[in-house]
Each structure stands twice: as C-alpha cells, then as structure tokens.
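Computed from the coordinates by the stated procedures, all read-outs in this text should not be read as laboratory data. Everything numeric here is computed off the predicted structure, so don't read it as measured data. All Cβ positions, even for glycine, are placed from backbone atoms using ideal geometry, and neighbour counts span all protein chains on display.
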Amino acid sequence: MSAVSSPRPLSLRALRESDLNAVMAIEVRGYPYPWTRGIFQDCLRAGYPGLAMEEDGLLMGYGLLSIAADEAHILNICVDPLCQSRGHGRYLLRALVTLARDHGAHRVFLEVRPSNTSAVALYHSEGFNEIGRRPRYYPAREGREDALVMAIELVDDDIQVMPPL
Ligand SMILES: CC(C)(COP(=O)(O)OP(=O)(O)OC[C@H]1O[C@@H](n2cnc3c(N)ncnc32)[C@H](O)[C@@H]1OP(=O)(O)O)[C@@H](O)C(=O)NCCC(=O)NCCS
C-alpha cells in the first residue's frame, strides 16, 4: 500500500462531539439509512477513535473505528457527496487504516452493502478481501440487504518477534 498522500490540501484531526452538526449534515446526504446523532455521540463518548477530514476548515468527511485487542473495525467512513470521486475517500480510508495500525491493530474489518459498488471497489483496491457475508444485515427499500464483510491484514515488514504459539 502506498503512503497516505492527499489529493488536495486536506487536513485530518480527531473527530469530536462539536463536529456533530456538520457530521449529521453530511451523514443524511451520504446514506439512505443514516446513523443518528446519538450513535455518533455514544461512539465518541466511549472513546472510539475517529477522524475529521477538512478542507479550508470545512468538514468534508469523517470516519470512526472501534478497536479491541489487535482488531479494528471501520464503523463509518463517509465523504460529503458534494466532494466524492476526487480521491478523498481513498485518502480517508488510508488514514483510518494507519490510525488502526497506530493503535496496535493487526487486522481491520468492515461491512459494506454489495450494492455500494464504489465503496466495494475502493476497499478491494486498498487490499481488503471479502471474508464473509452477514445475511439481511442492512435495511433496504425492499426488505433487507446482506452485508459483505471485508478485512485487511496489517503485517509489518519489520516484524522481529514471532507471536507466541
Ligand atoms: C465510499 C466513499 C467513502 C468513497 O469516497 P470517494 O471520495 O468518492 O472515493 P475516491 O474518489 O477516493 O475513489 C476511490 C475509489 O472508489 C471508487 N469510486 C469512487 N467514485 C466512484 C464512482 N462514481 N463510480 C464508481 N466507482 C467509484 C473507485 O474505485 C475509486 O478509485 P479510482 O478513482 O482509482 O477509480 C464515498 O462514496 C462515500 O462516502 N459514500 C457514502 C457513504 C458510504 O457509502 N460509505 C461506505 C460505507 S461501507
């Protein structure tokens, strides 16, 4: 995977509760079934690491992780639909994977709708592999939609010590 490089002068910082007005404005544009403000609040109050991606001080995207032991889960990654398809999603995804690695994660998981073809293509191109499906995981216009479960292994080139058997 190549180094994180921004297509534009974007900045990244920790996501915080004071971002939630701007987050919710993007969230309801970005998803057919958006998270509620309460879900974001619960995640941030629980200490889940998140990133705010800004351009000229304006929020353009955000992501949230949960981390337990050496496994991280991308709970949400969203780029403002007004700014999509300009490389920002890839930049944000790489930053989230780097954040997971910095927290000691050895693998990163996520769920995605099979119908979300641009997200699936992004994850594949960044080295995520499909490892399973959760049947009827998401609400959908006609009933429910499965989730693809995808994962990437984070293996350091310079691992010196083998894990215990
Ligand atoms: C998924 C998402 C984060 C991608 O962000 P983005 O800024 O549009 O993505 P990028 O411009 O970095 O593009 C990355 C890759 O995604 C795919 N992609 C992006 N826009 C696409 C489009 N309009 N059509 C098809 N593929 C597309 C391509 O594979 C692209 O790689 P390429 O430019 O080398 O072809 C963004 O679409 C989004 O926030 N969607 C709404 C929320 C969401 O669905 N999140 C994912 C939940 S699992």
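Assorted remarks:
- Selection status of L44, hydrophobic (A, V, I, L, M, F, W, C), more than 14 Å from the ligand (Cβ to nearest atom), assigned to a helix (DSSP H, G or I) and surrounded by fewer than 21 Cβ atoms within 10 Å (Cβ to Cβ): yes
- Count of region 63-114 residues, restricted to those that are within 13 Å of the ligand (Cβ to nearest atom) and not hydrophobic (A, V, I, L, M, F, W, C), is 17.
- Failed item, numbered, when Y31 is tested on (1) over 22 Å from S11 (Cα atoms); (2) within 11 Å of the ligand (Cβ to nearest atom); (3) buried (at least 19 other Cβ atoms within 10 Å of the Cβ): (3)
- R90 vs. criteria farther than 16 Å from P32 by Cβ and touching a helix residue (DSSP H, G or I) at 6+ places or on another chain (Cβ under 7 Å): yes
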